[in-house]
Amino acid sequence: MVAGPVPRWAAGATHVMTEPDIKSAAVDSVAARARLEGRLRIRTAARDDARRRERLLSITGFAVLVGGIILMLATADKIVPLPWWGALAALAGTLVPTIILRERATTARRRHGYAITWIEEGLARLDDQWRFGQADGQEYADPEHPFAADLDVFGAHSVYERTNGCATTLGRDALAAVMRGEAKSDLPSRQAAVRALADDLGWREAFAVELRGFRDSAGRTPVERETIDEKTRALIGWGDSPPPPLDPMWRIIRDFALGGGFLFVLVQVIFFSWAWWAVVPAYLLNFTLLGGAKDIEADLDRFEAIRRTLDDWARVIRQVEACTVDAPLVESLQEELRREGIQASAAIRDLTGRVDRLSSRRNMYYALTLDVAFLLDLHFRRSLLAWKRRHGHLIDTWLHASARMEALASLASYAAAVPGHAWPELTETGDVLDATDLAHPLLPANTRVGNDLTIAESGSLFLLTGSNMSGKSTFLRACGLAVVMARAGLPVSASQLRFRDQRVVTCMRTQDDLSRGSSRFHAEVRRLKECVDFARDGGLTLVLLDEILAGTNSKERHIGTEAVLNGLADLPASTLIATHDLELAGVIERAPGHGAVKHFRDQVVDGQMTFDYLLRDGLCPSTNALQVMRQEGLEVPE
């Protein structure tokens, strides 16, 4: 896991970024910064203007309220020849519009604030600052996953943390699926969508504003957000569940007749001198009938927590519908939001209105008067169920399409923050992987050292030797992350990457498992078996192994490692292994496919070890284990 001060590590073969590439990356970064700073100035001016209007309207509203009270007192004392209701009407007619305008100014100020924060985070990313309190995806970490744990895909200082800009749980789930290699879309369409969205700064900003509004509406505490997540999933379940049978026609006629009967009696009492108690039987009949409708409360409980986010979902989805980038994947997601000729955002707004009408029963005065008199709850519930019959089965499709778009927007914002990184080129023939200036993307941008790597064919074996801390493990992770991020549709920390589509599997950080009673060695053997099976069962595979079988004696370790490498060489796999066992070079020479022996080295200057993190041909000519021990204060003989 990359954390804290990080040394000048890199990964690859002997190549450092050339001067033209550095200039090109710098130009791209300057242009990206200029675009963000321009939008920041516009948004800051708009926020300040909204804040001034908000303050002015607050003062105006207070002055109107005080003036209205004085006017009403003056009319009561006959100082002003105006009826009290006239003064009240004047107060309401002036104060209500002022309050409405102030609320609009507050909303505008808040939304401009969301945009400013998002833009400032974008500028910070250009400065290689990546932590803004966003979720790091630790909940998605799985030690059994083929590569996620070893490559820092999830957790603190992870790829997920750097790319995550999602506000909804469904969006975070969709992003995690992409990072795990489980996305539904194919690689070229995903990369095309990410590239197109990365160029559309205006849409990404507008989408981020809606998402941040959603996040604030969902609640500021973890408990509140968890409740909203549960209710959102419950909403999806409600939509997918079969609706109750349609009410028979006689019941619908009965409800209208009883409401009409109450109105008839009420009119007779008011206008035709019927006794007041004539409404009592009609009222009690309706009250009893309404009180027996227990399922109305169940529907309200289902929507009560999610209600405040329904409008936000509608705005988020409306922004997805409004996206105009030319990318087939984006267009297919928009088609999901228009299935069966229904526009998702409009349908959700319609649902909001129906829920609002039904939730009026929570107002006691309304519930005991109009609701009982005309059986409004029964009619409103029928309206809600009618919506469910027409649209309920599409809720899951709508929300997950929006979530996938949220994940794409997050990936695009990451891509926009690394303008100097290369967009990978997927090929069907040629080298399995060909990378130039390949470096680890989680290392500080100003300390990365890039190297080259070419894997010509399947069955290749690469042996990486070198002194401790020289960069072997980091190189393995750089290679693995290059493929993982390329398959996610992201640019990679390199000046060029061409590759054939391949999966990744690793054995690098194996630990003992007390719950299984498994030692570290046993757990590692099990992991190696999984790697071999993974390469055998699937297509082209990149296998990364780091200092395997360290838990046994050197003789058996050599025999075991050689057996694993020989087995992998016969599979559609490219294997990179970091090791201190120099005798394994013989395995590379006998491998049926292409292979090479490379090394990283250290240099001792004035008694201090230094590293250049460049990959060189051949076996490492030196070791440094004893020197490291001496530097840490252990007494070791020369």
Which residue pairs have Cβ atoms closer than 7 Å, lie 6 or more positions apart in sequence or on different chains, and pair a first residue in segment 469-488 that is under 16 Å from residue 577 (Cα atoms) with a second residue that is among the β-branched types (Val, Ile, Thr) and in a helix (DSSP H, G or I)? 481/159
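Listed here are the residues, each with its yes/no results for (1) in contact (Cβ under 8 Å) with a residue 60 or more places away in the chain; (2) under 28 Å from residue 198 (Cα atoms); (3) not in a strand (DSSP E or B).
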residue	(1), (2), (3)
419	yes, yes, yes
429	yes, no, yes
435	yes, yes, no
442	yes, yes, yes
446	yes, yes, yes
451	yes, yes, no
454	yes, no, no
459	yes, no, yes
464	yes, no, no
Looking only at segment 526-550, which residues are out of contact with any Cys (no Cβ under 9 Å at 6 or more places or on another chain) and closer than 24 Å to residue 600 by Cβ? 547, 549, 550
Here are some residues: 141, 108. Which one is of a type outside the set (Phe, Trp, Tyr) and within 16 Å of the chain's Cα centre (by Cα)? 141
Might you check whether a residue that is closer than 17 Å to residue 544 by Cα, part of a loop (DSSP other than H, G, I, E, B) and in contact with a Lys or Arg (Cβ under 8 Å, 6 or more places away or on another chain) occurs anywhere in segment 471-494? no
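Residues that are surrounded by 13 or more Cβ atoms within 10 Å (Cβ to Cβ) and modelled with pLDDT of 95 or more: which helices (runs of 4 or more DSSP H) entirely in segment 136-253 hold 3 or more of them? Before the answer, list the steps.
Numbers: elements: 159-163, 169-179, 187-199, 201-218, 222-240.
The qualifying helices (runs of 4 or more DSSP H) are 159-163, 169-179, 187-199, 201-218.
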Determine whether residue 397 is loosely packed, with under 13 Cβ neighbours inside 10 Å, closer than 25 Å to residue 189 by Cβ and modelled with pLDDT of 70 or more. no
Does residue 170 count as within 24 Å of residue 132 (Cβ to Cβ) and outside the structural domain of residue 500 (by TED's automatic domain parsing)? yes
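Filtering segment 486-529 down to residues that are of a type in the set (Val, Ile, Thr) and buried (at least 23 other Cβ atoms within 10 Å of the Cβ), which residue is modelled with the lowest pLDDT?
Keep residues of segment 486-529 that are of a type in the set (Val, Ile, Thr), which gives 492, 504-506, 510, 525.
Filter again for buried (at least 23 other Cβ atoms within 10 Å of the Cβ), leaving 492, 505-506, 510.
Details: 492: 96, 505: 94, 506: 94, 510: 79.
So the residue we want is 510.
The values are calculated or read from the model by the stated rules, or taken from the named source; none is laboratory data. Keep in mind it's a predicted model, so treat the numbers as computed, not measured. Neighbour counts run over all protein chains shown; Cβ positions are idealised from the backbone, glycine included.
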